[in-house]
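In what follows, a structure is listed as structure tokens, so that the remarks can point back to it.
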Amino acid sequence: MSEMPVYRAPMRSRDDAVPRGVGPERALELGICGIGGRLEPAPGSLAEALVAADAQSGIRLAWRIERFAKAPIGAFVWTRDVDGLTYLGRIAGPWAYDTGEDAAAADLVHVRRCEWLAHPIDQAEVPAGVRATFARNGRNWQRIHDDDAERLSAVLWRTYRD
């Protein structure tokens, strides 16, 4: 039986004016995960977002939004806060576009509800595949293709869920 997919969610804006760490901090506080890519006007649907993203920023943004939106509910998500602490969550809702000023300021506008564990995971327990993906840095939402990461994320979730 296959485990749920696992994703890296750095939630770091491609806009260098947005301070590093603002996205994960917002996400952990609000119970969301997300990606950047502000759109004007705000889209009312995923289809509108994909068309607007392509027109305003190019097809690569549209592809990133689509990959993010298609991750299944229940998929595991890993992020790191500004201090480098690593958190495990699970996607709990569909794609939405956050029209709030704080969302725009953080460039964390394409969002999904996410249930995060209350405390970070000790670095020694973070699966090697997850650590390796974050070590490469980058700003992309990315699937982590690693069987151990899938299995161990599920074990950690069951172990530490409040």
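The values are calculated or read from the model by the stated rules, or taken from the named source; none is laboratory data. All of these numbers come straight from a predicted model, not from anything done at the bench. FYI the Cβ positions are ideal-geometry reconstructions off the backbone, even for glycines, and counts take in every protein chain you see. The protein model used for the area step is the full one, side chains on, heavy atoms only, and it has no ligands, DNA or RNA in it. Shrake-Rupley method; radii C 1.70, N 1.55, O 1.52, S 1.80 Å.
Taking region 61-74, which residues are hydrophobic (A, V, I, L, M, F, W, C), over 11 Å from the mean Cα position of the chain (by Cα) and in a loop (DSSP other than H, G, I, E, B)?
Once the filter is applied, which keeps residues that are hydrophobic (A, V, I, L, M, F, W, C), over 11 Å from the mean Cα position of the chain (by Cα) and in a loop (DSSP other than H, G, I, E, B), region 61-74 yields only 73.
Which residue, of 113, 26, is of a type in the set (Lys, Arg) and under 24 Å from residue 155 (Cβ atoms)?
When all the criteria are applied, what remains is 113.
Sort through 12, 90, 8 and tell me the only one that's basic (Lys, Arg) and in contact with an Asp or Glu (Cβ under 7 Å, 6 or more places away or on another chain). I'd like the intermediate steps shown before the answer.
Values: 12 fails: in contact with an Asp or Glu (Cβ under 7 Å, 6 or more places away or on another chain); 8 fails: in contact with an Asp or Glu (Cβ under 7 Å, 6 or more places away or on another chain).
Of the residues listed, the single one that is basic (Lys, Arg) and in contact with an Asp or Glu (Cβ under 7 Å, 6 or more places away or on another chain) is 90.
Within the bounds of region 8-20, is there any residue that is assigned to a loop (DSSP other than H, G, I, E, B), touching a residue at least 24 places away in the same chain (Cβ under 8 Å) and either among the acidic types (Asp, Glu) or at positive phi (or both)? Talk me through it step by step, then tell me what you get.
Taking region 8-20 first, the residues assigned to a loop (DSSP other than H, G, I, E, B) are 9-20.
Now drop any that are not touching a residue at least 24 places away in the same chain (Cβ under 8 Å), which leaves 9-15, 18, 20.
Now drop any that are not either among the acidic types (Asp, Glu) or at positive phi (or both), which leaves 11, 15.
Yes - at least one qualifying residue is present in region 8-20.
Tally the residues that are open to solvent by 10 Å² or more (accessible area, probe 1.4 Å), assigned to a strand (DSSP E or B) and of a type outside the set (Lys, Arg), restricting the search to region 78-113.
Total meeting the criteria: 4.
List every residue pair whose Cβ atoms sit under 7 Å apart, with the two residues 6 or more apart in sequence or on different chains, where the first one lies in region 32-48 and is touching a residue at least 12 places away in the same chain (Cβ under 8 Å) and at negative phi and the second, anywhere, is part of a loop (DSSP other than H, G, I, E, B) and of a type in the set (Lys, Arg).
Final answer for the pair search is 36/14.
Restricting the search to region 1-31, which residues are surrounded by fewer than 24 Cβ atoms within 10 Å (Cβ to Cβ) and touching a Cys at 6+ places or on another chain (Cβ under 7 Å)?
31
Quick check on region 114-154: of everything there that is among the charged types (D, E, K, R) and assigned to a loop (DSSP other than H, G, I, E, B), which residue is modelled with the highest pLDDT?
Taking region 114-154 as the starting set, the residues that turn out to be among the charged types (D, E, K, R) are 115, 122, 125, 131, 136, 139, 143, 146-148, 150-151.
Cutting the leftovers down to assigned to a loop (DSSP other than H, G, I, E, B) gives us 122, 136, 139, 146.
On the way: 122: 96, 136: 89, 139: 86, 146: 91.
Per the stated criteria, the residue is 122.
Got a number for residues in region 1-10 being modelled with pLDDT of 95 or more and of a type in the set (A, V, I, L, M, F, W, C)?
Residues that pass the stated criteria total 2.
Consider region 114-132. How many of its residues are closer than 20 Å to residue 67 by Cα and crowded, with 21+ Cβ neighbours inside 10 Å?
Residues meeting the conditions: 2.
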